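Read-outs throughout are calculated quantities, based only on the coordinates presented, and are distinct from any laboratory measurement. No experiment lies behind these values; they were computed from the predicted model shown. Glycine also receives a Cβ, built like all others from the backbone with ideal geometry; neighbour counts cover every protein chain displayed.
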Amino acid sequence: MTINKVRGGDVLAGVGGLALLAVMFFPWYRFLEGVYVGTRSVAAGDTSQSAWQAFSVTEVLLVLVAVLGITQLVTTLFDRTPAYPVAATVFTSVFGVVASVVVLIRLINPPGPNFAADRLWGVWVGTLLVLAITAGAWWSMREADRP
């Protein structure tokens, strides 16, 4: 274990990834009950939906970014060669930028009919965590250049 090589960005990305996986289980949106043609059916007693319920393709991207953030921290902690931490940081930053754009779009334009969707605290925290993972990856890449 090489704890002295861990940078602040690695910790931010790793902790952000763990927190994002946890926050995805909490409510992100509240929809009006009813059947919406082509999108979803919301039961009368269950109007709040987590990220797992509200998203389809976006949830794969969120899980990928969370796992990459965790991988960035773990590969830096247990590195035998600098290739793995550098690769994890590059992949985290690239997919983090894509996920940040997608999550910000979903913040502006919620899934399903817009008139029926209300944003809950989970979507705000989830957006901040995706941005934190991306910022952590960029921060680690920035620190890698300096002696």
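Side notes on the structure shown:
- Efficiency of FRET between ASP118 and SER56 - r from beta-carbon atoms, R0 22 angstrom, step 0.05: 0.65
- Built amide H within the under 5 Å cut-off of TRP28, gap 5+: GLN49, SER50, ALA51
- The angle between the Cα long axis of helix 8-23 and the main principal axis of the chain comes to about 30°, on a 0 to 90 degree scale.
- 0 to 90° range, to nearest 10: angle between helix 121-144 axis and the chain longest Cα axis: 20
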